[in-house]
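**Student:** One structure follows; several queries about it will come next.
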């Protein structure tokens, strides 16, 4: 049993599992604010009725949760729903895709190391795979349409 634990510890060290996991987690967590900004920037594209309903719901939520400190948040929400910023949407999509692609490229390298597969892809191919995986992961999906 101790031999197995030693081999496992040596393999974890050789594959740099913890360093790689930290790198992947860093890039994927770094993509969350950009993804959130992308989602919030698309609010103005939803139409006036839905935008007004979302604004009202957000203001009610802020008032309920942050009661006495809601003034600053209310101003921010009014600013968010009151303006259309296509430049912010484009930039947030670009940043989200960049950070997601870095995270997925790190995941590809990590899996190669763990499974002892020699990396044969060049930088561009790995980055293209990362962008593809990041795009697929952030694309909306409708699982309710699948019949079981």
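Nothing in this text is a laboratory measurement; each read-out follows from the coordinates by a stated rule. This structure is a prediction, so every number in the text was calculated from the model and none was measured. Note: ideal-geometry Cβ built from the backbone for every residue, glycine included; neighbour counts use all protein chains shown.
**Student:** Of 1, 8, how do they rank once you tally other Cβ atoms within 10 Å and put the fewest first?
**Tutor:** So the residues, fewest neighbours to most, are 1, 8.
**Student:** Pairing the Cα long axis of helix 48-65 with the longest principal axis of the chain, what angle in degrees results, from 0 to 90 and rounded to the nearest 10?
**Tutor:** Between helix and principal axis, roughly 80 degrees.
**Student:** Could you state the angle between the C-alpha long axis of helix 123-138 and the longest principal axis of the C-alpha atoms of the chain, as a value from 0 to 90 degrees rounded to the nearest 10?
**Tutor:** Compared with the principal axis, the helix lies near 50 degrees.
**Student:** Helix 2-14 versus the longest principal axis of the chain: what angle, 0 to 90°, nearest 10, using Cα atoms?
**Tutor:** On a 0 to 90 degree scale, this one is about 60.
**Student:** For segment 52-123 and segment 22-45, what is the separation of their Cα centres, given in Å?
**Tutor:** Their Cα centres are 2 Å away from one another.
**Student:** Modelled label-to-label distance, residue 61 and residue 32, 7 Å Cα→beta-carbon offset: nm?
**Tutor:** Label-label distance for residue 61 and residue 32, simple model: 1.5 nm.
**Student:** Applying 1/(1 + (r/R0)^6) with R0 = 25 Å to the Cβ-Cβ distance of residue 51 and residue 88, what FRET efficiency is obtained, to the nearest 0.05?
**Tutor:** The computed FRET efficiency comes out at 0.95.
**Student:** What ranking do 138, 41 get, fewest neighbouring Cβ atoms within 10 angstrom at the top?
**Tutor:** 138, 41
**Student:** Determine, for each peptide in 52-65, 111-124, 91-104, the mean count of other beta carbons within 10 angstrom over its residues, then list the peptides with the highest first.
**Tutor:** 91-104, 52-65, 111-124
**Student:** Could you please rank 81, 18, placing first whichever residue has the fewest other Cβ atoms within 10 Å of its Cβ?
**Tutor:** In increasing order of surrounding Cβ atoms, one gets 18, 81.
**Student:** If you don't mind, another one. Which entry in (1) 113; (2) 224; (3) 161 matches volume of the Cα convex hull per residue in Å³ derived from the coordinates of this structure?
**Tutor:** Of the listed options (1) 113; (2) 224; (3) 161, (2) comes from this structure.
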